[in-house]
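Single-structure report; data block below.
The values are calculated or read from the model by the stated rules, or taken from the named source; none is laboratory data. As the structure is a computational prediction, the values presented were derived from the model and not from experiment. Cβ sites come from the backbone with ideal geometry, for glycine too, and all protein chains shown count toward neighbours. SASA here: full protein model, heavy atoms, side chains in, ligands and nucleic acids out. Shrake-Rupley method; radii C 1.70, N 1.55, O 1.52, S 1.80 Å.
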Amino acid sequence: MPTILITGANRGLGLEFTSQYAADGWQVIACCRHPKGADELNELAAANEGIVVEQLDVNDFTAIDVLAKKYAGQPVDILLNNAGIIGPFPIEENIERQHFGSMEYDVWADVIRTNTFAPLKMAEAFLENVAASEQKKIINISSTVASITEMAIPGVAYASSKSALNRAMTIVASQVKDRGVIVAMYCPGYVKTRMDAFGYATVDIPDSIAALKPMIADLTIEQTGSYTGHDGRTIGW
Ligand SMILES: NC(=O)c1ccc[n+]([C@@H]2O[C@H](COP(=O)([O-])OP(=O)(O)OC[C@H]3O[C@@H](n4cnc5c(N)ncnc54)[C@H](OP(=O)(O)O)[C@@H]3O)[C@@H](O)[C@H]2O)c1
């Protein structure tokens, strides 16, 4: 039975990943900041013995080490770095506080910590678990807005945090390739989650995950370091 560890599993894309992998019979280590308030995830876990809910704020690097110690020796086929933030809410503040001309640098630092530092820390902490598994995959939920060549949204903090995630993970990819570990970045599409603060999203959550899962399943070591959309398109860096 393969195992997947998912961050930010309590809602949005993370919850749907949890649901769909569990339905396929996977063991799911479903991490979230506040398990007590994670009603949908807890209901899912109560109905499926393959799901274990773990408390994890990905910005707490000591907690990441503690969790990794708890799972020492257990193979993790997929480490799924899903948790992320787009910046402050409501959306008017989000625009004001991370745009050129009115940038709040503490906001940028918070976004970078969650979207860039934390996935790297998770990869460091769980590398041995992934390397000991059959599938050996580190999957990062990035975004098309990270593309330097394709998109130029004005949200500097969010876009640059995902660009930095991509760069960091391509370096990780090259460093772990000789151990057979595959690292990949995916954009899930513009999906109707809470992150869709503008209300413009076009993709339903189940459709996004149903599109990503087969691509993740088919990933080979030759594709390590790749950056792909939910439609299968290679995204320009
Ligand atoms: N929706 C889109 O259109 C879109 C497009 C491109 C990329 N993405 C990426 O997709 C991923 C999932 O986002 P989503 O769309 O599902 O948005 P979402 O509904 O806002 O979910 C974000 C998830 O991340 C968790 N999270 C945030 N900070 C955390 C922390 N410090 N520790 C642990 N968990 C934390 C949240 O937990 P709490 O409930 O505790 O806040 C929540 O579970 C993100 O990386 C996002 O950047 C989304």
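The table below gives the values:
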item	result
Apportionment of accessible area to carbon and sulfur, segment 3-229, percent (1.4 Å)	54 percent
Rg over Rh, two decimals, segment 3-229 (C-alpha only, Kirkwood Rh)	0.94
Helix axis angle, 12-23 relative to the chain longest principal axis, alpha carbon, degrees	20 degrees
Greater than 23 Å apart at Cα, pairs in LYS36/LYS162; LYS162/LYS192; LYS137/LYS213; LYS36/LYS213	LYS36/LYS162; LYS36/LYS213
DSSP-defined beta bridges in the chain - what % are antiparallel, rounded to 5	5 percent
Largest-first ordering by accessible area, 1.4 Å probe, given options GLU124, GLU134, GLU150	GLU134, GLU124, GLU150
Peptides 4-17, 212-225 ordered by average Cβ neighbours within 10 Å, highest first	4-17, 212-225
Sequence-separation-based contact order of segment 168-237, relative, with Cα cut under 8 Å and 6+ spacing, percent	39 percent
Whichever lysines have a C-alpha closer than 17 Å to that of LYS70, once near sequence neighbours (fewer than 8 apart) are set aside	LYS121
Stretchable slack from ASP178 to GLU104, in nm (0.36 nm times residue separation minus alpha-carbon distance)	22.6 nm
Mean Cβ neighbour count within 10 Å, used as a protection proxy, ranking 167-178, 19-30 highest first	19-30, 167-178
Contact order normalised by residue count of segment 3-229, Cα under 8 Å, 6+ apart, percent	18 percent
Rounded accessible area per residue of the chain, 1.4 Å, Å²	47 Å²
